[in-house]
Amino acid sequence: MYNTKTMTDMDDDMRLRMVEIGRRLAQAYGEPQPSQHRDPVSQLVETILSQNTNDRNRDLAFQRLRARLPTWAQIRDADAALVIDAIRPAGLANQKGPHIQEALRTITRERGDLSLDFLADWPVDRAKAWLSSIRGVGPKTAAIVLLFGLDRPAFPVDTHVHRVTRRLGLIGPVSREKAHDDLEKLVPPESYSSFHLNLIRHGRQVCASRRPNCQVCTLHDLCCYYQEEQHGQMDKRSPQHAETAESE
């Protein structure tokens, strides 16, 4: 039988699936809000600190940095060793410290002061490109700054979001960088924040990288990964598979 669905029909089906996934995640985890709203420069620094660490260590490093060097200008102009020591709880301090200082220097050099408020008036694509031109700032960091620091429509994709949306079949086998564009087209902009945060929570608590707990997952009937796993288990139990295994 021929598949008579048009591309528009398939896009509509995917959006309906996405809406149902978002509804179930909200039912499971609520409508989350960011832990605290930060100005965009604070959000930029905090996001650099968050790379490859947990929220507790990120927050501790941020608090230590601001306690020791209270202004962005002081952080920008400080001896690198002071910044590195302050943010050590976040890990990778020798890498993150120079990235933070370089970001602050770039903002000053390009804009004349230490503010990112000007990005509120720029088209999102242009704002992303400007932020991503800063050393140590990739698509995820740029999107987080825009979404949570400036309330702009950008969808951040971290490792949890990338893994869960791939397993669900919302995106194909694409890189994390490409996934930003694909998910921005699929997810309604008004749901960017809550959907992003709930996907992260789901990835941490249920859809883990090595051992996803599919049996308790509220999304398993909508999940391509789960269906493939179930199909694989059925194949292993089939008589044909048993005969093949014995012959080998």
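Has region 205-221 got at least one residue that is under 12 Å from the mean Cα position of the chain (by Cα) and closer than 21 Å to Asn52 by Cα?
Here is the first cut: in region 205-221, the residues under 12 Å from the mean Cα position of the chain (by Cα) are none.
Looking for residues that are under 12 Å from the mean Cα position of the chain (by Cα) and closer than 21 Å to Asn52 by Cα, one finds none in region 205-221, hence no.
Scanning region 116-139 for residues that are closer than 21 Å to Ser175 by Cα and touching a residue at least 60 places away in the same chain (Cβ under 8 Å), we see that the one that is surrounded by the fewest Cβ atoms within 10 Å (Cβ to Cβ) is Gly136.
Taking every residue in region 160-175 that is charged (D, E, K, R) and pairing it with any residue that is at pLDDT below 95 and surrounded by 22 or more Cβ atoms within 10 Å (Cβ to Cβ), at least 6 positions away or on another chain, yields no pair with a Cβ-Cβ distance below 6 Å. Close contacts from region 181-208, counting a first residue that is within 18 Å of Val145 (Cα to Cα) and a second that is of a type in the set (Asp, Glu), with Cβ to Cβ under 6 Å and a gap of 6+ residues or different chains, come to Ser194/Glu31. Residues in region 16-27: is at least one touching a Phe, Trp or Tyr at 6+ places or on another chain (Cβ under 8 Å) and β-branched (Val, Ile, Thr)? There is no residue in region 16-27 that is touching a Phe, Trp or Tyr at 6+ places or on another chain (Cβ under 8 Å) and β-branched (Val, Ile, Thr).
Quick grid of which residues meet (1) within 20 Å of the chain's Cα centre (by Cα); (2) over 23 Å from Ile200 (Cα atoms); (3) among the polar types (S, T, N, Q):
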{"site": "Asn52", "(1), (2), (3)": "yes, no, yes"}
{"site": "Ala61", "(1), (2), (3)": "no, no, no"}
{"site": "Ile75", "(1), (2), (3)": "no, yes, no"}
{"site": "Ala78", "(1), (2), (3)": "no, yes, no"}
{"site": "Ile107", "(1), (2), (3)": "no, yes, no"}
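All conditions but one from (1) modelled with pLDDT of 95 or more; (2) within 19 Å of the chain's Cα centre (by Cα); (3) closer than 28 Å to Arg111 by Cβ apply to Gln36; the one that does not is (1). Apart from one condition, Asp113 fits all of (1) assigned to a helix (DSSP H, G or I); (2) surrounded by fewer than 14 Cβ atoms within 10 Å (Cβ to Cβ); the exception is (1). Out of region 145-179, which residues are surrounded by 24 or more Cβ atoms within 10 Å (Cβ to Cβ), under 10 Å from the mean Cα position of the chain (by Cα) and not in a loop (DSSP other than H, G, I, E, B)? The one that is surrounded by 24 or more Cβ atoms within 10 Å (Cβ to Cβ), under 10 Å from the mean Cα position of the chain (by Cα) and not in a loop (DSSP other than H, G, I, E, B): Val161. Against the list (1) at pLDDT 90 or above; (2) loosely packed, with under 12 Cβ neighbours inside 10 Å; (3) of a type in the set (Asp, Glu), the condition Asp9 fails is (1).
Scanning region 69-83 for residues that are surrounded by fewer than 19 Cβ atoms within 10 Å (Cβ to Cβ) and either in a loop (DSSP other than H, G, I, E, B) or of a type outside the set (S, T, N, Q) (or both) turns up Leu69, Pro70, Thr71, Ala73, Asp77, Ala78, Asp79, Ala80, Ala81, Leu82.
The values are calculated or read from the model by the stated rules, or taken from the named source; none is laboratory data. This structure is a prediction, so every number in the text was calculated from the model and none was measured. Cβ coordinates were reconstructed from backbone atoms using ideal geometry, including for glycine residues, and neighbour counts include every protein chain displayed.
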